[in-house]
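The values are calculated or read from the model by the stated rules, or taken from the named source; none is laboratory data. In this text the structure is predicted, and so the values were computed from the model without any measurement. With ideal geometry, Cβ positions are generated from the backbone for all residues, glycine too; neighbour counts draw on all protein chains shown. Only protein heavy atoms, including side chains, enter the accessible area calculation; ligands, DNA and RNA are left aside. Shrake-Rupley method; radii C 1.70, N 1.55, O 1.52, S 1.80 Å.
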Amino acid sequence: MRTQTRSLLDQCSPERRAEIERRVETLLSELTLEQKVGQLNQLNADFATGTAVGDMDVERGVFDGDIGSVLNFGDLDEARRLQELAVEESDHGVPLLLAFDVIHGHRTIFPVPLGEAASWNPEMAELSARVAATEAAASGIHWTFAPSVDVGRDPRWGRVMEAAGEDPYLSSEISKARVRGFQGDDLSADDTVLACAKHYVGYGASEAGREYNTVDISETNLREVHLPPFEASLEAGVGSVMNAFNLYERIPASGNEKLVNDLLRDELGFENLVVSDWNSFGELRNHGVASDLREVARACIEAGSDVDMVSGAYATELVGLVEDDVVDESLVDSAVRRLLTVKGVLGLFDDPYRYFDADRQSRRTLTDDHREAARAVARESQVLLKNEDDLLPLDGDENVALVGGLADSDTDMLGAWRAEGDPDDVTTLRTTLADRVENVTYAAGCDRDGTVSDTQLADAVDTVADADVAVVAVGERYSQSGEAASRAHLDLPGDQRALLEALVETGTPVAAVLFSGRPLTIDWEAEHVPAILEAWFPGVEAGPAIADVLLGEHNPSGRLPMTFPLTEGQIPVYYNRLKTGRPAEDADVDLTEPPSDHGEKYLSRYLDIPNDPLYAFGHGESYTDFAYTDLSLDASTITTDETLSVEVTVENTGDRAGTEVVQLYLRDAVGSRSRPVRELARFENVDLDAGESATVTFELAAADFEFWTADEAYAAEPGAFEVQVGHASDDIRAVERFELVE
Ligand code: GLC
């Protein structure tokens, strides 16, 4: 088995495991069929995070013993009341599982996940999830529906904001870290929560980047691109997986036995809980693969999907299906056993009220340590896209013009999945610069949605014209990314480009701070604005973290987790592309010019744009420079059961300390299937003082060379490989070759 999956019980001591198993089997034997089915029913307590699904009397359902878990409840008082109904009022007394979307912070909001991934630092992702779990568990939450591990190659899709970008390896490393952060070492502890790897699987491949659209991908693409972060999450011991809304091979994921039982459970060994997405069971009817809820319930329970989020299919149909001998009761028992095991591992059988302590909640929420953690993660998430003539960092004694509604917006800094985040907790860029720079003049320039009035424009131009330097905050509003937020045009919303044109025209140097939940098409800005800093949506410490970078207290080390396309017409554009039969990059052709003859025409290219994106995966500048030397391999030939040691020396050749994200890519020259031009296989953050050098060592083994071969099996095939080491996927500094032999 490729994936060393860890069940929740594997993560308990033998004694605790035996105790939980005993409790679960006893309960299972005592519950009626109706009560067992009720355990698989999840209802929504307060605000909906999906389509309308009819009224739900949650308190009544809990009292009647017809609900096993609840999502989106309000506060500790509501949580306690619901738990008391379940434990003390219902016939069976089984505690409830309480769930919430704690995606990048609960009350202390961290950068959106795509921003965290831009740190290329799993420690930052783990820290963020650790703080989120501490605050969530102190607020009565047992189960977070995070991390999203969807690999996204299409920035039109708004949910690229919620995961870790386009690369399977970076997504895997970040996802593992997030699972570790949320679940810790002991799920019965009062500062850990059950994590949920979502959305299983392939949701990021929604056609045209349109939300909830058709997904139609090959098994090879599924296994090579979308599955690895789920495998990594399973290795980290994730306690649950969420069905995706989408199809796989034209069968909805929730009712897709090949995906759930065959691949996730049998092949990958996942023994823990599978929960549907919001009404994803019920949507089998919309997909046209079930005509009623009875067919829905049968398809989903037979596929191996355990918990029904708000569709009501299991609650209304499962008992009848079992009584009619259409569904074997053992399928219900297996699902209920997995759910009860979660409740046991969380300690809910020992103390159903363990997570409801108001004093603990106030002690552990929005602490100074948590804010400092949020600032640290936000600092490392920022990506310096360009910095002409070293405009940044600022000295701090310049006469600074600060422009842009987003610089003064607290709510936008929290992103779209903000849990209990409160805009009042946010320190904005405007607030911070006013504190830390002596001469700052603010002009709105535009509203937070990018609209520019004549007055705003004139005021901004005057303010910038009088300044030594302008810091201009541009980008999206928080609601323009995340779920149900696909965009067909990815330029700066509203009139922000016109605003920038006018401000650049003043001759005052402009540094743009970009707020977004996705890559944007900023080709004009990239050509005309001297400095651009991508800040994503940085969370409660937005102002201090951005000012730390603008003022040089933190040398930016973020790298793009996702390609920035030159224009929407290039999408999907990603670094680990296949070579094609007529690779333009091999031909000595200037792709910025139209083809002049056959030699330039019959290539994989466009007539009207180049192939290269605006900014490549792994791109990110620094206030210093780094040189790579002495790349060496400890062997030029290895067998599939040997390891290969790679060494490279990195030097900080600039005049200020900085962090280089050393990236190692592999190129498999020939395979039984066409192989990507390069694939990220390792990376490491290296902190170097000015003039300092360090030698970085990477160990590679056969598992790194494996892929889904034409034999429909994972294998490392003998042949020639390249090790490519560099600063970015389009900035390879050194290459060495080796041969893999049987
Ligand atoms: C939403 C999202 C999912 C979330 C769930 C519960 O529709 O797709 O990511 O966890 O419903 O809020």
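Per the conditions (1) surrounded by fewer than 23 Cβ atoms within 10 Å (Cβ to Cβ); (2) more than 20 Å from ALA136 (Cβ to Cβ); (3) in contact (Cβ under 8 Å) with a residue 24 or more places away in the chain; (4) away from the ligand (no atom under 12 Å from the Cβ), the sole criterion not satisfied by VAL53 is (4).
Check GLY165, GLY158 and return the single one that is within 15 Å of the ligand (Cβ to nearest atom) and among the small types (Gly, Ala, Ser). Outline the logic, then answer.
On the way: GLY165 fails: within 15 Å of the ligand (Cβ to nearest atom).
That would be GLY158, the only listed residue that is within 15 Å of the ligand (Cβ to nearest atom) and among the small types (Gly, Ala, Ser).
Test ASP350 against the stated conditions and say whether it is within 22 Å of SER69 (Cα to Cα) and surrounded by fewer than 23 Cβ atoms within 10 Å (Cβ to Cβ). Answer is yes for this residue. Here the helices (runs of 4 or more DSSP H) wholly within the stretch 76-148 that include at least 2 residues being open to solvent by 10 Å² or more (accessible area, probe 1.4 Å) are 76-84, 122-137. Of everything in the stretch 299-311, what is assigned to a helix (DSSP H, G or I) and of a type in the set (A, V, I, L, M)? Give them in sequence order. Across the stretch 299-311, the qualifying residues are ALA299, ILE301, ALA303. Those residues that are β-branched (Val, Ile, Thr) and away from the ligand (no atom under 16 Å from the Cβ), I need them from the stretch 293-309; list them, please. Hits for the stretch 293-309 are VAL296, ILE301. Looking at VAL529, VAL471, VAL513, just one residue is in contact (Cβ under 8 Å) with a residue 12 or more places away in the chain, in contact with a strand residue (DSSP E or B) (Cβ under 8 Å, 6 or more places away or on another chain), open to solvent by less than 10 Å² (accessible area, probe 1.4 Å) and under 18 Å from ASN439 (Cα atoms), and that residue is VAL471. Residues that are more than 14 Å from the ligand (Cβ to nearest atom) and outside any loop (DSSP other than H, G, I, E, B) were ranked within the stretch 187-214; the one that is least open to solvent (accessible area, probe 1.4 Å) is GLY209. Which condition from (1) open to solvent by 10 Å² or more (accessible area, probe 1.4 Å); (2) in contact with a Pro (Cβ under 8 Å, 6 or more places away or on another chain) is the one that GLY569 breaks? With (1) open to solvent by 10 Å² or more (accessible area, probe 1.4 Å); (2) in contact with a Pro (Cβ under 8 Å, 6 or more places away or on another chain) applied to GLY569, the lone miss is (2).
Scanning the stretch 169-186 for residues that are surrounded by fewer than 24 Cβ atoms within 10 Å (Cβ to Cβ) and not small (Gly, Ala, Ser) returns TYR169, GLU173, ARG180, ASP185, ASP186.
Could you check, for the stretch 637-644, whether at least one of its residues is within 30 Å of the chain's Cα centre (by Cα) and surrounded by 15 or more Cβ atoms within 10 Å (Cβ to Cβ)? Taking every residue of the stretch 637-644 in turn, none turns out to be within 30 Å of the chain's Cα centre (by Cα) and surrounded by 15 or more Cβ atoms within 10 Å (Cβ to Cβ). Residues of the stretch 19-50 that are within 16 Å of the ligand (Cβ to nearest atom) and farther than 22 Å from ASN272 by Cβ: ASN44, ALA45, ASP46, PHE47, ALA48, THR49, GLY50.
Within the stretch 79-90, is there a residue that is more than 14 Å from the ligand (Cβ to nearest atom) and more than 30 Å from THR32 (Cβ to Cβ)? No; the residues of the stretch 79-90 include none that is more than 14 Å from the ligand (Cβ to nearest atom) and more than 30 Å from THR32 (Cβ to Cβ).
Among what's in the stretch 474-484 and is open to solvent by less than 10 Å² (accessible area, probe 1.4 Å) and within 16 Å of the ligand (Cβ to nearest atom), pick the residue that is nearest to ALA401 (Cα to Cα). By that ranking, first place goes to SER481. Say we look at the stretch 648-675 and pick out the residues that are in a strand (DSSP E or B) and open to solvent by 30 Å² or more (accessible area, probe 1.4 Å); which of these is nearest to ASN576 (Cα to Cα)? Once the filter is applied, the top-ranked residue is ARG667. Find the helices (runs of 4 or more DSSP H) located wholly in the stretch 312-382 whose residues include 2 or more that are more than 30 Å from VAL513 (Cβ to Cβ) and not polar (S, T, N, Q), and list them. Helices (runs of 4 or more DSSP H) meeting the threshold: 313-323, 329-345, 358-364.
In the set (1) farther than 17 Å from ASP306 by Cβ; (2) touching an Asp or Glu at 6+ places or on another chain (Cβ under 7 Å), the condition left unmet by ALA290 is number (2). All of (1) away from the ligand (no atom under 16 Å from the Cβ); (2) surrounded by fewer than 24 Cβ atoms within 10 Å (Cβ to Cβ); (3) touching a residue at least 40 places away in the same chain (Cβ under 8 Å) hold for GLY312 with one exception: (1).
One line per residue, one yes/no per condition, for (1) closer than 23 Å to ALA616 by Cβ; (2) surrounded by fewer than 24 Cβ atoms within 10 Å (Cβ to Cβ):
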| site | (1), (2) |
| --- | --- |
| ASP491 | yes, yes |
| PRO519 | yes, no |
| ASP523 | yes, yes |
| ALA535 | yes, no |
| ALA542 | no, no |
| ALA545 | no, no |
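Considered as a group, the residues in the stretch 133-148 that are touching a residue at least 60 places away in the same chain (Cβ under 8 Å) and among the hydrophobic types (A, V, I, L, M, F, W, C) include one that is nearest to the ligand (Cβ to nearest atom), and that residue is PHE145.
Residues checked against (1) open to solvent by 10 Å² or more (accessible area, probe 1.4 Å); (2) under 16 Å from the mean Cα position of the chain (by Cα); (3) among the small types (Gly, Ala, Ser); (4) more than 16 Å from the ligand (Cβ to nearest atom):
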residue: ASP216; (1), (2), (3), (4): yes, no, no, yes
residue: GLU219; (1), (2), (3), (4): yes, no, no, yes
residue: GLY239; (1), (2), (3), (4): no, no, yes, no
residue: MET242; (1), (2), (3), (4): no, yes, no, no
residue: PHE245; (1), (2), (3), (4): yes, no, no, no
residue: GLU249; (1), (2), (3), (4): yes, no, no, yes
